Amino acid sequence: MQGRKIMAYRLGEAGAPVMVLIATMHGNEAAPRQILRSLAAGPEVHDLDLWVVPTYNPDGLAAGTRKNARGVDLNRNFPYRWKDLDGTYESGSKPASEPETRAVMRFLRKVGPRRILSFHQPLHGVDTDTKRPAFARRVARALKLPAKRFDCGGVCHGTMTMWFNHTFPGAALTVEYDAHP
């Protein structure tokens with residue numbers, strides 16, 4: 001990291017069910033962060049302990065690139081089903097090699113969310129390839145996005161949602177807005 005902070009904003013009520021919203025995992029997918037920033041500045045949240053992380057990859061955002069400052073795709077760096085990938089999906093030297101990945105893993109372990117929504121662009125839809133497909137379909141309806149399966153052209157490797165779904169009892173899913181949400 002180049003010294004830029006990853007900020008999490010706690011909205012809602014402690015003791016209520018915990019949910020985390022994350023955006024800008026890829027620095028060139030910046031539009032959803034505006035949505036999360038507006039939530040942080042918006043009206044009070046009730047009946048939910050909501051954590052919002054508008055910018056997970058601040059160095060990639062500053063550079064306008066998918067990868068972090070060390071050239072790693074943070075959504076291929078998580079330990080579950082990690083694979084040594086190169087090119088656009090460079091996965092790092094080993095699972096959780098990146099400080100951003102380790103920070104988010106610690107954060108998620110600490111707050112223990114029941115649900116996570118990871119916001120991306122531009123594939124336009126909500127991924128139903130998750131352990132709670134009914135939840136994915138509800139999110140798709142609420143956001144007026146199509147429910148569909150994102151399979152990375154086969155098997156995704158080292159993604160945050162796969163790691164969370166494998167490691168925790170809660171459910172994480174990917175929400176993809178189009179190029180100009």
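The values are calculated or read from the model by the stated rules, or taken from the named source; none is laboratory data. In this text, all values refer to a predicted model and were calculated from it rather than measured experimentally. Cβ atoms come from the backbone with ideal geometry, glycine included; neighbour counts cover every protein chain shown. Only protein heavy atoms, including side chains, enter the accessible area calculation; ligands, DNA and RNA are left aside. Shrake-Rupley method; radii C 1.70, N 1.55, O 1.52, S 1.80 Å.
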Problem - Options H124, H120, H157; residue that is of a type outside the set (V, I, T) and out of contact with any strand residue (DSSP E or B) (no Cβ under 8 Å at 6 or more places or on another chain) - result: H157
Handout entry: Total residues in the stretch 50-73, condition touching a residue at least 60 places away in the same chain (Cβ under 8 Å) and not in a loop (DSSP other than H, G, I, E, B)
Key = 2
Practice task
Kindly establish whether W82 is open to solvent by 30 Å² or more (accessible area, probe 1.4 Å) and assigned to a loop (DSSP other than H, G, I, E, B).
Solution key: yes
Exercise for the section: Please determine, by comparing only the residues of the stretch 124-144 that are surrounded by 18 or more Cβ atoms within 10 Å (Cβ to Cβ) and in a loop (DSSP other than H, G, I, E, B), which one is modelled with the lowest pLDDT. Expected result: T130
Fill in the blank from the handout: Conditions (1) over 13 Å from the mean Cα position of the chain (by Cα); (2) within 18 Å of M160 (Cβ to Cβ); (3) part of a loop (DSSP other than H, G, I, E, B) -> G27 fails only (1)
Exercise for the section: Output the residue which, of all residues in the stretch 151-181 that are surrounded by 19 or more Cβ atoms within 10 Å (Cβ to Cβ) and part of a loop (DSSP other than H, G, I, E, B), is modelled with the lowest pLDDT. Expected result: C156
Problem - The lone exception for N68 - which of (1) in contact with a Lys or Arg (Cβ under 9 Å, 6 or more places away or on another chain); (2) open to solvent by less than 50 Å² (accessible area, probe 1.4 Å) it fails - result: (1)
Practice task
With the condition kept exactly as written, say whether any residue in the stretch 34-41 is under 26 Å from V139 (Cα atoms) and assigned to a loop (DSSP other than H, G, I, E, B).
Solution key: yes
